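Q: Here it is, the structure, as structure tokens.
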Amino acid sequence: MKAGIVGASGYVGGELLRLLANHGDVEVTVATSNKHKDEKVARIHPDLYGLTDLKFTGRSIFDLLDDLDVVFLAVPHGTSINYVPQLMESGVRIVDMSADFRLRDPDKYPVWYGFEHPYPDLIKKFVYGMPELHREELKNARYIAVPGCIASSSIYSIAPFASLDLDNNVITVDAKVGSSGSGAELDESKVFSERYNSVRAYKPAGHRHTPEIEQEIKYATGRDVKIALSAHSVNMVRGILTTSSIFAKTDEIHGWGLLREFYSGEKFVRLIMDKKSNFKYPDPKIVVGSNFVDLGFAIDRYINRIVSFGAIDNMIKGASGNAIQSMNIMYGFNESEGLTAPSLFPV
Ligand SMILES: NC(=O)c1ccc[n+]([C@@H]2O[C@H](COP(=O)([O-])OP(=O)(O)OC[C@H]3O[C@@H](n4cnc5c(N)ncnc54)[C@H](OP(=O)(O)O)[C@@H]3O)[C@@H](O)[C@H]2O)c1
């Protein structure tokens, strides 16, 4: 199968190129970039030296569709909507990395993204690209909306507990995010001397992934919860740790039982439960480079709180990994194809 990537010079585009270089059923034949047209892909993504001779093209993806089966849109939110209608008309399948088709309710877009959704009827044609929750729908999908990175870690770690008898329907999420989470686009806040060694609350309230998390917890459990999300950028390049407080009474045995039952048979979900390890709880340090999501929790008996942790590589399980896993399901390929590399340790 032949794939094209729009926005291939960005971080997520680079990860798609890297992972698909090792995919037995898919070849990337088109990588678009406006800034880097006609340059070798490996100049911008140097990890790909020796793995690809591909050059970025500045041509419109619409002129290149004859030879493509699937197009990945690795572009900023608000940009995919300019591509999707015409891509759909062409018959090509779409995997969208942006937020443009993630929210089922189009009325959420003006509130959280600041624009009226111009194609509300097209939203329902997309399946949310989280295999562990949407596998059956993905089998019949043609269009996939890949979840956001903080949203992914939060949903994975909250969903198994959200069906408990909650004391409070507000669930707090503290997210710690590596610098690659904000993409390769330059801005002053990313200058090394400003960014290095800082723990910066970059979005303490009103984070755009909030409605996505609420939507998927409702999908998984039928529950209307409110998510109170605060996001911090920390001194890592890759990785996210979310620490969520779910106010409900349970014990360790029941908690592990809930996680095991919810993720039974899932190849990319690991439960971290070795109290003698240096890594007693999920830590991005031990997932980076892999498609794993690591989950674990602690019980706070003082106020009946489950402190639930999720750790992912933001660019893999939080983006390109779930994109490829979902695409594999859509096409009936082996679900793990291209995704079996273990994480790096130590990093
Ligand atoms: N970074 C993460 O961890 C992460 C995780 C999950 C989801 N996402 C989502 O994935 C998407 C890509 O993120 P990223 O981190 O890779 O961002 P990025 O590094 O800034 O890359 C964005 C790419 O989009 C291209 N682009 C920008 N404006 C465009 C336009 N108007 N038309 C066509 N191409 C355009 C740019 O390439 P040229 O200027 O060279 O054309 C660039 O290569 C975003 O929607 C992001 O929210 C990111």
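Q: Taking the Cβ-Cβ separation of Asn235 and Arg301 as r and a Förster radius of 30 Å, what is the calculated FRET efficiency to the nearest 0.05?
A: Efficiency at R0 = 30 Å is approximately 0.40.
Q: Give me the one-decimal nm value for the distance between modelled label points at Phe345 and Lys124, 7 Å along each residue's Cα-to-Cβ direction.
A: 4.6 nm
Q: Per residue, how large is the accessible surface of the chain? Use a 1.4 angstrom probe and give square angstrom.
A: Per residue, the chain has 45 Å² of solvent-accessible surface.
Q: Hey, which lysines would be in cross-link range of Lys55, C-alpha to C-alpha under 28 Å, not counting anything within fewer than 8 residues on its own chain?
A: Lys2, Lys35, Lys37, Lys40, Lys190, Lys317
Q: To continue, here is another question. Can you tell me the orientation of helix 11-20 relative to the chain, as the angle in degrees between its alpha-carbon axis and the longest Cα principal axis, to the nearest 10?
A: Its long axis makes an angle of about 80 degrees.
Q: Under the definition of Cα pairs under 8 Å and six or more residues apart, what whole-number percent is the relative contact order of the stretch 150-312?
A: Result for the stretch 150-312 is 31 percent.
Q: Taking the Cβ of Leu68 as the center, what net charge do the other residues with Cβ under 12 Å away carry, scoring Lys and Arg +1 and Asp and Glu -1?
A: -3
Q: Specify the residue with the greatest mean-square fluctuation among Val170, Val70, Val84, computed from a Gaussian network of the chain linking alpha-carbon atoms under 10 Å apart.
A: Evaluated over the chain, the most mobile residue of the options is Val170.
Q: With no solvent and one point per C-alpha, what does the Debye sum give as log10 I(q)/I(0) for the chain at q = 0.06, 0.11, 0.12, 0.15 Å⁻¹?
A: Evaluating at q = 0.06, 0.11, 0.12, 0.15 Å⁻¹ gives log10 I(q)/I(0) of -0.20, -0.70, -0.84, -1.34.
Q: Taking only Cα atoms and a 10 Å spring cutoff, compute GNM fluctuations for the chain and point out the largest among Phe247, Phe262, Phe115.
A: Phe115
Q: Here are some pairs, Lys226/Lys249; Lys176/Lys267; Lys108/Lys139; which of them have Cα atoms lying more than 22 Å apart in this structure?
A: Cα-Cα > 22 Å for Lys176/Lys267; Lys108/Lys139; rest within.
Q: Given the DSSP H assignment, sum -39500 (n - 2.57) over each helix run of at least 4 residues in the chain and divide by its residue total; what's the result at 222 nm in deg cm²/dmol, nearest 500?
A: On the way: 11 runs with 87 residues, N = 347.
Rounded to the nearest 500, the figure is -6500 deg cm²/dmol.
Q: Sticking with the crude label model, points 7 Å out along Cα→Cβ, report the distance from Asp224 to Glu137 in nm, one decimal please.
A: With each label placed 7 Å out from Cα toward Cβ, I get 2.0 nm.
Q: At a temperature of 25 °C and a viscosity of 0.890 mPa s, determine how fast the stretch 150-312 diffuses translationally according to Stokes-Einstein, using the Kirkwood radius over alpha-carbon pairs as Rh; express D in µm²/s, rounded to the nearest whole number.
A: Values: Rh = 16.3 Å.
Approximately 151 µm²/s, per Stokes-Einstein.
Q: Using a 1.4 Å probe on the protein chains only, how many percent of the accessible area of the chain belongs to carbon and sulfur?
A: 50 percent
Q: Could I ask something else about it? Relative to the first principal axis of the alpha-carbon coordinates of the chain, what is the inclination of helix 252-262, with its axis defined by its Cα atoms, in degrees from 0 to 90 and to the nearest 10?
A: Taking the Cα atoms of the chain, the angle to 252-262 is about 30 degrees.
The values are calculated or read from the model by the stated rules, or taken from the named source; none is laboratory data. All values derive from a computational prediction rather than experimental measurement. Cβ: placed from backbone, ideal geometry, glycine included. Neighbour counts: every protein chain shown. All accessible areas refer to the heavy atoms of the entire protein, side chains included, with ligands and DNA or RNA removed. Shrake-Rupley method; radii C 1.70, N 1.55, O 1.52, S 1.80 Å.
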